[in-house]
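So the structure is just underneath, and the comments pick up after that.
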Amino acid sequence: MKHLDAKSPCGACCTRFEGLSVALEGLPILEDVSLHLHCGEITAIIGPNGAGKTTLFRALLRQVPYRGQILFTDAAGSRVGRPRIGYVPQNLSAERLAPVTVLDFLGAALCGMPAFLPPGRKKRALVREALEKTGAQALEDRRLGTLSGGETQRVLLALALAPLPDLLLLDEPVSGMDAEGLASFYRLLDTLRHDFDLSILLISHDFDFVRRYADRAVLLHHRVLACGSPEAVLGGEAFAALFPDVAGRGRR
Ligand code: ADP
Ligand code: MG
């Protein structure tokens, strides 16, 4: 499964934010954010609600105007073109009773064909291949609106991975998942990262996950307050000031 060919996604996935600032409706949301995300790593973005975490993703996706620069480089530091970015949003607002199945949804997204057209063999094969990457092949004929939080995330992740991105963005992917769903989702991310050399940028409130799986953590509150190893960031003063309850628990 490992991609070792010249088109391997690694090599185009180091991302540098240099002096990034975003203001929305006249209010400063991000100020002078400078960060370097490394190829093949999982970087966790943590911070309180309203800190600007999702806005950072939206700047990467060019959905909001920003000042400063977002640069993409290869592992040697040379500038490369815009990488392919896969994005897993926080949730999918599917009507519980809507008749759209996973096959309809992914088929339309992957083949650009309307969901109401009957699934041909090619469409089915593409959808199956995408779902297999996230262990979600059994969900093919389920209706979207009836999936659990964890199942929905696997479908959204399958979509974000087809075609394989250089950089994968996940916005609080685990809200609403039970403990078992969480553990298997995290293991899946870890496997994908190793198998495909993906760079993963993940917004998370799950500090246990950050400690266990992330290579790097960034504490964001409009500015970068701390950046480094998960232990250093979660054990630091800035984290304790923003999350006194969690930090206190960790020391007990
Ligand atoms: P987080 O993801 O860290 O919870 P967000 O990036 O979603 O935070 O939002 C940061 C701040 O920006 C919030 O105060 C939010 O109300 C504000 N905000 C987000 N989107 C818009 C928008 N389109 N227009 C104005 N303000 C916005
Ligand atoms: Mg958010």
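The values are calculated or read from the model by the stated rules, or taken from the named source; none is laboratory data. What you are looking at is a predicted structure, and each value in this text was computed from that prediction instead of being measured. Heads up, the Cβs are rebuilt from the backbone with ideal geometry, glycines too, and the neighbour counts pull from every protein chain shown.
Filtered by the rule that a residue be free of Cβ contacts under 8 Å to residues at least 24 places away in the same chain and in contact with a helix residue (DSSP H, G or I) (Cβ under 7 Å, 6 or more places away or on another chain), segment 178-213 gives a lone residue, Arg211. With respect to the conditions (1) at pLDDT below 95; (2) farther than 28 Å from Ala130 by Cα, Leu37 lacks only one, and its number is (2). The residues on offer are Leu219, Leu159, and the sole one that is modelled with pLDDT of 90 or more, of a type in the set (A, V, I, L, M), under 19 Å from Ile46 (Cα atoms) and surrounded by 18 or more Cβ atoms within 10 Å (Cβ to Cβ) is Leu219. Scanning segment 205-249 for residues that are in a strand (DSSP E or B), over 18 Å from Pro48 (Cβ atoms) and of a type in the set (Lys, Arg) yields a count of 1. If the condition is being farther than 22 Å from Pro83 by Cβ and over 12 Å from the mean Cα position of the chain (by Cα), then segment 155-184 contributes Val155, Ser175, Gly176, Met177, Asp178, Ala179, Glu180, Gly181, Leu182, Ala183, Ser184. Scanning segment 13-58 for residues that are more than 10 Å from ligand 2 (Cβ to nearest atom) and surrounded by fewer than 20 Cβ atoms within 10 Å (Cβ to Cβ) yields a total of 20. Quick check, is Leu156 assigned to a loop (DSSP other than H, G, I, E, B) and either of a type in the set (A, V, I, L, M) or closer than 29 Å to Ala130 by Cα (or both)? For Leu156, the condition - assigned to a loop (DSSP other than H, G, I, E, B) and either of a type in the set (A, V, I, L, M) or closer than 29 Å to Ala130 by Cα (or both) - is not met. In segment 51-84, the residue that is nearest to ligand 1 (Cβ to nearest atom) out of those that are under 12 Å from Arg16 (Cβ atoms) and not in a loop (DSSP other than H, G, I, E, B) is Leu60.
Under the condition of being within 9 Å of ligand 1 (Cβ to nearest atom), in contact (Cβ under 8 Å) with a residue 60 or more places away in the chain and either β-branched (Val, Ile, Thr) or outside any loop (DSSP other than H, G, I, E, B) (or both), the residues counted in segment 22-50 number 3. Note on segment 147-204: residues that are under 26 Å from Thr55 (Cβ atoms) and among the hydroxyl-bearing types (Ser, Thr, Tyr) total 5.
The residues of segment 59-79 that are within 16 Å of ligand 2 (Cβ to nearest atom) and surrounded by fewer than 14 Cβ atoms within 10 Å (Cβ to Cβ), listed by number, are Leu61, Gln63.
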